[in-house]
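The values are calculated or read from the model by the stated rules, or taken from the named source; none is laboratory data. Just so it is clear, the structure is predicted and the values come from calculations on it, not from any experiment. So basically every Cβ, Gly included, is an ideal-geometry build from the backbone, and we count neighbours across all protein chains shown.
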């Protein structure tokens, strides 16, 4: 192919994003300059945090500009290189976003060995997803043997890794997800002690009280909203609450108004802390080594929901907000060239 396709932000969504908020454009293949590689995309990551960058609201990452390529994690194969550290055919990971080809500064790339694990895991359990679960749980949550850990968004890419690491630390783990099929997977495949369907439970707080007879020591919050209100009402003294995401709130047109939780935090001397995985970058090698060992040993398993075809990237992204994915949501753009 001599033409590049890329997906741009066409307009800012009001509430739930729609296909009309994006545009697909064609251009000639980029030409790598000094210190760059021409990379052909193999896999794209679609993630909930992208929703925040579609809006102009202040957040931890700069909003995308209108007409800008949607940036996200990607895996690709080097087609041309101006850097002797990278050669044609190398498999690399980086952040060049939703496009079939990109000229990428080699300082932002890392090489992947396809013989060690499926290359897609570099965007999931052996990439930012796994690292997010690892640092958020172990640094902020600090689960101890016999404690109760609750994970919302438990069937997502981060949540399922959080739950498994908590089990490795000897905790009782309760997951919250949006379908009976997902909860069956959490319990039967991943070893969660309990799993609750927030969509069908008539009284989520009562169901949580039953599932957590000794209260909640660690709540790994991926969703916010009413689910988190129910969990936080059950926290124990000195509970820890890592805030990873708030997907229940991302598409609201008006600011959310919920219970005031300060009293629960104060009276239980609890810790609630938001975090960004990039803050732990100096510790990535140690964490990646441990995660890779757990995956190789089968002690941490993972699931991927792979959507085929670059043309389906937008639909794959929108599917995140209707709960289509079990595990990491990926788009497969092309095959590795031999």
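Looking only at region 43-58, decide whether some residue is closer than 30 Å to residue 246 by Cβ, surrounded by fewer than 17 Cβ atoms within 10 Å (Cβ to Cβ), without any contact (Cβ under 8 Å) to a residue 24 or more places away in the chain and touching a strand residue (DSSP E or B) at 6+ places or on another chain (Cβ under 8 Å). No, region 43-58 contains no residue that is closer than 30 Å to residue 246 by Cβ, surrounded by fewer than 17 Cβ atoms within 10 Å (Cβ to Cβ), without any contact (Cβ under 8 Å) to a residue 24 or more places away in the chain and touching a strand residue (DSSP E or B) at 6+ places or on another chain (Cβ under 8 Å). May I ask you to verify whether residue 61 is at pLDDT 95 or above, out of contact with any strand residue (DSSP E or B) (no Cβ under 9 Å at 6 or more places or on another chain), more than 13 Å from residue 317 (Cα to Cα) and not in a strand (DSSP E or B)? So residue 61 does not fit the description; no. Residues in region 92-108 that are farther than 19 Å from residue 29 by Cα and touching a strand residue (DSSP E or B) at 6+ places or on another chain (Cβ under 9 Å): 93, 108. Note on region 105-146: among residues that are in a loop (DSSP other than H, G, I, E, B) and closer than 20 Å to residue 326 by Cβ, the one that is nearest to the chain's Cα centre (by Cα) is 124. Taking the criterion of being closer than 15 Å to residue 301 by Cβ and assigned to a loop (DSSP other than H, G, I, E, B), the residues of region 177-208 that qualify are 189, 190, 191, 192.
Take residues that are farther than 27 Å from residue 239 by Cβ and in contact with a helix residue (DSSP H, G or I) (Cβ under 8 Å, 6 or more places away or on another chain) and tell me which of the strands (runs of 3 or more DSSP E) falling wholly in region 252-338 contain 1 or more.
On the way: elements: 271-274, 304-308, 328-332.
Result: 304-308, 328-332.
Selection of region 1-11 for residues being at pLDDT 95 or above and farther than 13 Å from residue 311 by Cβ yields 4, 8, 9, 10, 11.
Residues being at pLDDT 95 or above, over 24 Å from residue 132 (Cβ atoms) and surrounded by fewer than 19 Cβ atoms within 10 Å (Cβ to Cβ) are represented in region 167-180 by at least one member. Set side by side, the residues 103, 61 differ, and just one is surrounded by fewer than 22 Cβ atoms within 10 Å (Cβ to Cβ) and closer than 30 Å to residue 150 by Cβ, which is 61. Is it true that residue 26 is more than 19 Å from the chain's Cα centre (by Cα) and either part of a loop (DSSP other than H, G, I, E, B) or at negative phi (or both)? Answer is yes for this residue.
In the set 300, 277, 307, 331, which member is at pLDDT below 95, surrounded by 13 or more Cβ atoms within 10 Å (Cβ to Cβ) and within 28 Å of residue 51 (Cβ to Cβ)? If you could, list the steps in order and put the result at the bottom.
Details: 300 fails: at pLDDT below 95; 307 fails: at pLDDT below 95; 331 fails: at pLDDT below 95.
Within the list 300, 277, 307, 331, the selection yields 277.
Residues of region 209-237 that are closer than 18 Å to residue 166 by Cα, more than 25 Å from the chain's Cα centre (by Cα) and in a loop (DSSP other than H, G, I, E, B): 212, 213, 214, 215. The set of residues in region 29-55 being part of a loop (DSSP other than H, G, I, E, B) and over 14 Å from residue 70 (Cβ atoms) consists of 29, 30, 31, 32, 33, 34, 35.
Being touching a residue at least 40 places away in the same chain (Cβ under 8 Å) and over 19 Å from the mean Cα position of the chain (by Cα) is the requirement here; does residue 271 meet it? For residue 271, the condition - touching a residue at least 40 places away in the same chain (Cβ under 8 Å) and over 19 Å from the mean Cα position of the chain (by Cα) - is met.
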